[in-house]
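Notes for the one structure printed next.
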């Protein structure tokens with residue numbers, strides 16, 4: 001009886017062990033790839049190849065593998081390496097020795113048809129790209145000069161860089177595409193130079209200069225506005241005086257014609273008497289001279 005129970009217990013244990021083994025093998029043999037990603041397999045440390053001796057790629061969805069295969073998934077969406085901020089930003093020395101902090105972002109995707117280089121030729125591809133990008137940008141900033149037609153202006157390196165940001169961006173983008181874009185299994189899309197930050201002392205000095213320049217421009221604009229207003233008022237006053245003088249001139253000419261006509265008609269004395277009566281009538285006090 002006890003022997004029968006031992007056999008039964010043993011059989012049940014074997015069955016449960018077999019069931020757990022099947023579940024474990026099923027769990028080890030199934031893998032899932034998310035959207036926007038691809039997967040490759042390695043078997044005993046070597047990449048699994050297809051019939052064309054290229055990497056065997058697995059598209060998004062569920063797939064099966066051998067339990068001893070390892071899955072490597074990677075994104076094929078555009079990736080960004082963020083090199084900005086006090087900690088992540090990179091530093092470069094300009095031609096005059098000024099140390100500048102660069103806030104930038106690198107945009108890339110794994111290169112289609114060359115995933116092997118991206119996954120297996122570099123242990124840390126993003127870190128390698130980050131350091132190579134830093135070297136390239138430092139070289140560009142160290143050798144960045146003003147264009148020939150403006151080279152005689154006495155400007156510091158930061159001012160030159162700030163005035164020619166677009167040209168610097170284009171040069172950095174071009175050199176990075178040439179040096180990084182065709183290597184390491186990457187499709188390089190470009191660099192976004194978000195900001196170039198000078199040392200705090202230089203930034204404070206530049207802010208002081210900018211504030212002084214802004215204040216001077218404001219005072220100049222205010223003085224110019226007041227001068228224009230005064231000039232407009234003066235011009236208006238001259239115009240009014242001109243119109244008034246023309247009116248007086250016209251009145252004098254009219255009076256002269258009238259007097260000349262009165263003289264010719266012989267009635268000038270009557271006119272003078274009449275005007276004298278009008279003037280005396282409007283006066284409140286009359287002084288009469290009496291001959292002694």
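The values are calculated or read from the model by the stated rules, or taken from the named source; none is laboratory data. This is a predicted model, so every value here is computed, not measured. Heads up, the Cβs are rebuilt from the backbone with ideal geometry, glycines too, and the neighbour counts pull from every protein chain shown.
Data for the structure
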quantity	calculated
Failed item, numbered, when residue 158 is tested on (1) assigned by TED's automatic domain parsing to the domain that holds residue 109; (2) modelled with pLDDT of 80 or more	(2)
Hey, residue 246 modelled with pLDDT of 80 or more, over 60 Å from the mean Cα position of the chain (by Cα) and either surrounded by 10 or more Cβ atoms within 10 Å (Cβ to Cβ) or in the same structural domain as residue 84 (by TED's automatic domain parsing) (or both) or not	yes
The lone exception for residue 57 - which of (1) in contact with a helix residue (DSSP H, G or I) (Cβ under 9 Å, 6 or more places away or on another chain); (2) surrounded by 17 or more Cβ atoms within 10 Å (Cβ to Cβ); (3) outside the structural domain of residue 176 (by TED's automatic domain parsing) it fails	(2)
Options 203, 140; residue that is modelled with pLDDT of 85 or more, surrounded by 12 or more Cβ atoms within 10 Å (Cβ to Cβ) and either assigned by TED's automatic domain parsing to the domain that holds residue 87 or in a helix (DSSP H, G or I) (or both)	140
When residues of segment 52-66 are limited to those that are outside any loop (DSSP other than H, G, I, E, B) and more than 43 Å from the chain's Cα centre (by Cα), the one farthest from residue 35 (Cα to Cα)	64
Near pairs, Cβ below 7 angstrom, 6+ apart or cross-chain, from segment 127-138 (under 16 Å from residue 84 (Cβ atoms)) to any residue that is in a helix (DSSP H, G or I)	133/176; 137/172
Residues being assigned to a helix (DSSP H, G or I), surrounded by 15 or more Cβ atoms within 10 Å (Cβ to Cβ) and modelled with pLDDT of 80 or more - total across segment 99-136	12
Residue 96 being in a strand (DSSP E or B) and in contact with a helix residue (DSSP H, G or I) (Cβ under 9 Å, 6 or more places away or on another chain)	no
